[in-house]
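Before any comments, here is the structure.
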Amino acid sequence: MGTKRHFRVWRGDESGGDIQDYDVEVNDGEVVLDIIHRLQATQTPDLACRWNCKAGKCGSCSMEINGKPKLGCMTRMSTFEEDETVTITPLRTFPIIRDLVTDVTFNYEKARETPAFAPPAGVAPGQYRMKQVDVERSQEFRKCIECFLCQNTCHVVRDHEENKAAFSGPRYFIRAAELDMHPLDARTDRKDYAQAEQGLGFCNITKCCTEVCPEHIKITDNAIIPMKERVVDRRYDPLVWLGRKIFRRDQLDGSAHGDSMAPSTSVGVTGVAAGTPFSSARPSEAAPVRDDGRMDVAELALPQQGGPSPFGDDQELPLPPGEIVYNHPAPGKDDTGPKGDAH
C-alpha cells in the first residue's frame, strides 16, 4: 500500500486555467507519469496529457515538474522529499491546447525549413560509405528524441515571442551541426545558413538546453559553440577578409554562383528548404569515390583497431546477394551451447 502525496496540476485550455490540488497515492518505484495515470483513473478522467512509450525514447510526455522541463516518464517520485508538493505544469514556451498538452507546431515548421541531406552526385542510396570516425562525430546528435525540452527552456524563444520567426532553437542547431559534419552531404556550408536563417547569433550559450536534455547531448559544447566559432573564423578572420578584397568571390568559393545553393530535390520539401541561399566554400569531406560510385574498403583509423575485415582485404561492399549466406540452426539441433548462452 502506498502513501498519499500532495500534487498540484495545471488545468485549463487556451482561454485560461489555474492550478488544482490533488492528493494521490504513490507507490515505490513510480514516476510522475504513473501519478498522472492514477489521477486519470481515480479523480480526473478528463485530464489531458501526451504519452506513448513510457521509456524515455518518444519524447511525448514533456512537461514542467516543479518548474523544471522534464519527461514525466523519467522523473522518479523518489527524487522528491516525502513531504514535498509536486507541481506539474505544461511546457511554458508553446501555446496551450488543454491541461498538459501544448501546441509544438513551431518545432515542425522549423524542421521543414531546415535543408535536407543532399546526397553526393553519382552515388545512389545504398551506396553511401562513411568511415566510423566520421559517423562518431555526429552520432551524438542523432540521439535526439525531439521532446523539445531544449526548445522550451531556451530563453530566446521562451521569453521573447517575437524571436520565434527568426530563431530555430537548439534542436535544429544540432541538426545543422550534424549535417555540417556529414562527409557525404553535398551542401557544405550549413554554418552560414545557421547564422543567416536559423538565428545562431541569438544564442548566448547559457547551456540551459544541455542541462535539460534527457539524452545528455552536449548541445552547446559539441554543436552550437563549434558552429559559432566557424562562423566567426569565416566572417572576421583578417586573412579571409583580405582575400575577399583581393580575389573575386567565385575564385574563393569555387563556384560561379558565390553564396548560392542549388534547390533541394527532396520530395515534399517546400519553402525555405526548397532553395535556401547557401555558400559552398568548404569542399566535401567524403572519401574518394570510384567511377562506379563505390568506395574502397579500408581499415578505419581508430585509436583501437577492430581487427581485419571479415570479408577479406580486397572485398568491396555491399556484398552481392549471392554471397550473403545465413543459415538458421537445423530443427532439433542445439547450436547455442549451454541454455541461455548463445555463442
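What about I217, is it in contact (Cβ under 8 Å) with a residue 40 or more places away in the chain, over 20 Å from T105 (Cα atoms) and in a helix (DSSP H, G or I)? Before you say what the answer is, go through the steps one by one.
Numbers: in contact (Cβ under 8 Å) with a residue 40 or more places away in the chain: yes; over 20 Å from T105 (Cα atoms): yes; in a helix (DSSP H, G or I): no.
Criteria not met by I217.
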- [ ] Check segment 158-167 and report whether any residue there is under 30 Å from R129 (Cα atoms) and of a type in the set (A, V, I, L, M).
- [x] no
- [ ] Could you tell me whether K54 is buried (at least 16 other Cβ atoms within 10 Å of the Cβ) and without any contact (Cβ under 8 Å) to a residue 24 or more places away in the chain?
- [x] yes
TODO: Output the number of the condition that A118 fails; it satisfies all remaining conditions of (1) in contact with an Asp or Glu (Cβ under 7 Å, 6 or more places away or on another chain); (2) small (G, A, S); (3) under 20 Å from P214 (Cβ atoms).
DONE: (3)
- [ ] Confirm whether S138 is polar (S, T, N, Q), part of a loop (DSSP other than H, G, I, E, B) and under 23 Å from E211 (Cα atoms).
- [x] no
Task: Residue under evaluation A111, criteria (1) assigned by TED's automatic domain parsing to the domain that holds Y172; (2) among the small types (G, A, S); (3) assigned to a loop (DSSP other than H, G, I, E, B), criterion not met - done: (3)
- [ ] State whether one or more residues within segment 115-122 are within 30 Å of Q195 (Cβ to Cβ), outside any helix (DSSP H, G or I) and modelled with pLDDT of 95 or more.
- [x] no
- [ ] Please identify the pairs in which a residue from segment 133-147 that is in the same structural domain as C209 (by TED's automatic domain parsing) has its Cβ atom under 7 Å from the Cβ atom of a residue that is surrounded by fewer than 16 Cβ atoms within 10 Å (Cβ to Cβ) and modelled with pLDDT under 85, counting only partners at least 6 apart or on another chain.
- [x] V133/L300; V133/A301; V133/L302
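Would you mention how many residues in segment 17-39 are loosely packed, with under 12 Cβ neighbours inside 10 Å and touching a residue at least 12 places away in the same chain (Cβ under 8 Å)? Please lay out each step first, then the result.
So in segment 17-39, the residues loosely packed, with under 12 Cβ neighbours inside 10 Å come out as 18, 21, 23, 28-29.
Checking which are touching a residue at least 12 places away in the same chain (Cβ under 8 Å) leaves us with 21, 23, 28-29.
The total comes to 4.
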Open item on the list: So E14 passes all but one of these: (1) touching a residue at least 60 places away in the same chain (Cβ under 8 Å); (2) surrounded by 15 or more Cβ atoms within 10 Å (Cβ to Cβ). Which condition number does it fail?
Closed with: (2)
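The values are calculated or read from the model by the stated rules, or taken from the named source; none is laboratory data. What you see is a predicted model; the values in this text were computed from it and never measured. Cβ atoms come from the backbone with ideal geometry, glycine included; neighbour counts cover every protein chain shown.
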